[in-house]
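The values are calculated or read from the model by the stated rules, or taken from the named source; none is laboratory data. Model, not experiment: these values are computed from the prediction. A quick note on method: Cβ atoms are made from the backbone with ideal geometry, for glycine too, and the neighbour counts reach across all protein chains shown.
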Amino acid sequence: MPSQPTPPVDSARLMSIQSYLLAEEDKHPGATGRFTWILSAIGLATKFIAARCRRARIENVLGALGTENVQGETQQKLDVIANETLLSCLGSRAGLAIVASEENEEPLLLRTETDGERPYIALFDPLDGSSNLDTCGSVGTIFSILQHDRRADSPHEAIRQPGTQQVAAGYVLYGPSTVMVLTTGHGVQMFVLDPTIGSFLLVEENVRIPETAKTYSLNEAYTATFPEEYQRYLAWAHESGYSSRYSGAMVADVHRVLVKGGVFMYPPTQKAPNGKLRLMYEANPMAMLVEQAGGKAYSGLQRTLEIEPEALHQRTSVIMGSAAEVDHVLDHLRG
Ligand code: AHM
Ligand code: MG
């Protein structure tokens with residue numbers, strides 16, 4: 001039987017992330033392009049990180065480096081490579097005043113002068129879930145963009161803003177394909193890296209999280225050390241026909257919840273009584289994305305985005321995902 005011809009690519013619908021950002025910029029008269037320029041640095045850095053992850057075994061950069069980061073966690077070689085890549089790509093962007101990373105103790109002041117414009121702050125987890133790398137599991141980069149309040153005396157003070165102040169947030173998932181999910185506060189857009197042309201292409205505009213799905217995602221091995229309310233929720237979910245999915249990389253787990261619905265959680269545990277995930281560059285950007293997609297994001301009974309941060313590396317518990325699924329957890333927390 002003769003093979004069917006491949007359908008032609010609809011070139012009118014091909015939109016790279018650069019074109020998308022420039023089109024968005026056009027909607028804001030007076031925009032100077034600096035914000036776009038910062039997001040394009042993240043695009044460049046993450047393409048490079050994707051390539052390094054893919055070649056990690058061949059280049060012999062898997063495994064631990066033998067050092068610990070500021071939080072006493074073992075650093076993988078690729079944690080350091082990803083961090084340096086982001087710092088170097090972002091460092092040259094004129095509109096950026098401060099960068100802060102999971103891998104660095106202190107926020108880094110890049111410049112104070114930015115031509116009279118209110119400059120930006122970029123916070124990121126360069127390679128979330130990096131211990132998955134050794135087994136070829138998915139990992140990701142998470143980022144949050146704030147604006148600098150010039151009244152702040154120090155970089156520490158400048159970054160201490162609640163998640164509601166984020167002007168953009170996103171993640172890049174390095175899985176079987178490389179996916180960027182981005183919000184600038186007007187819905188959520190999804191891009192996939194086409195490795196043959198080296199461009200992130202828009203694949204879905206205005207992503208909406210399913211309202212409900214009977215799936216939870218958490219490290220169930222810690223159940224005995226969760227507060228009782230979470231244990232009661234789990235018992236209820238077991239009786240109610242729920243399924244579970246957990247990869248150990250927040251980016252992959254939240255991405256699944258965003259696409260298929262359900263709830264992702266990292267509750268307080270005996271070992272991490274405030275939760276394990278970092279508020280400013282893990283929970284907040286993910287919470288903004290989930291809310292922008294129509295879902296909910298809580299830390300205990302408090303909306304994550306409203307937490308007033310005290311420190312760059314502060315931790316929080318998280319419950320995020322489909323609105324109805326988050327509500328089921330909150331109902332159990334309220335008792
Ligand atoms: P990391 O930033 O050091 O990689 O740690 C964060 C990761 C998340 O991606 C993931 O949700 C969580 O840690 C998994 O922790 P656990 O192994 O305790 O379930
Ligand atoms: Mg992380």
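Within the stretch 13-37, the set of residues being touching a Leu at 6+ places or on another chain (Cβ under 9 Å) and within 16 Å of residue 183 (Cβ to Cβ) comprises 17, 20, 21, 35, 36.
Within the stretch 273-286, is even one residue within 16 Å of ligand 2 (Cβ to nearest atom), touching a Ser or Thr at 6+ places or on another chain (Cβ under 7 Å) and among the small types (Gly, Ala, Ser)? Before the answer, list the steps.
We begin by selecting, within the stretch 273-286, every residue within 16 Å of ligand 2 (Cβ to nearest atom); these are 274-286.
Those still in the list that are touching a Ser or Thr at 6+ places or on another chain (Cβ under 7 Å) too: 274-275, 277, 279-281, 283-285.
From what is left, the residues that are among the small types (Gly, Ala, Ser) are 275, 283.
Yes, some residue in the stretch 273-286 is within 16 Å of ligand 2 (Cβ to nearest atom), touching a Ser or Thr at 6+ places or on another chain (Cβ under 7 Å) and among the small types (Gly, Ala, Ser).
All conditions but one from (1) more than 15 Å from ligand 1 (Cβ to nearest atom); (2) among the β-branched types (Val, Ile, Thr); (3) free of Cβ contacts under 8 Å to residues at least 24 places away in the same chain apply to residue 207; the one that does not is (3).
Where strands (runs of 3 or more DSSP E) fall wholly inside the stretch 185-291, the ranges with 1 or more residues that are closer than 30 Å to residue 24 by Cβ and among the aromatic types (Phe, Trp, Tyr) are 188-194, 199-204, 263-266.
Kindly check whether there is at least one residue in the stretch 148-169 that is within 16 Å of ligand 1 (Cβ to nearest atom), surrounded by 14 or more Cβ atoms within 10 Å (Cβ to Cβ), under 26 Å from residue 20 (Cα atoms) and not aliphatic (A, V, I, L, M). Looking for residues that are within 16 Å of ligand 1 (Cβ to nearest atom), surrounded by 14 or more Cβ atoms within 10 Å (Cβ to Cβ), under 26 Å from residue 20 (Cα atoms) and not aliphatic (A, V, I, L, M), one finds none in the stretch 148-169, hence no.
Determine whether residue 196 is buried (at least 18 other Cβ atoms within 10 Å of the Cβ) and farther than 19 Å from residue 317 by Cβ. In short, no. Flag: residue 308 matches the condition of being in a loop (DSSP other than H, G, I, E, B), of a type in the set (Asp, Glu) and outside the structural domain of residue 182 (by TED's automatic domain parsing).
Restricting the stretch 136-162 to residues that are within 16 Å of ligand 2 (Cβ to nearest atom) and outside any loop (DSSP other than H, G, I, E, B), the residue that is farthest from the chain's Cα centre (by Cα) is 139.
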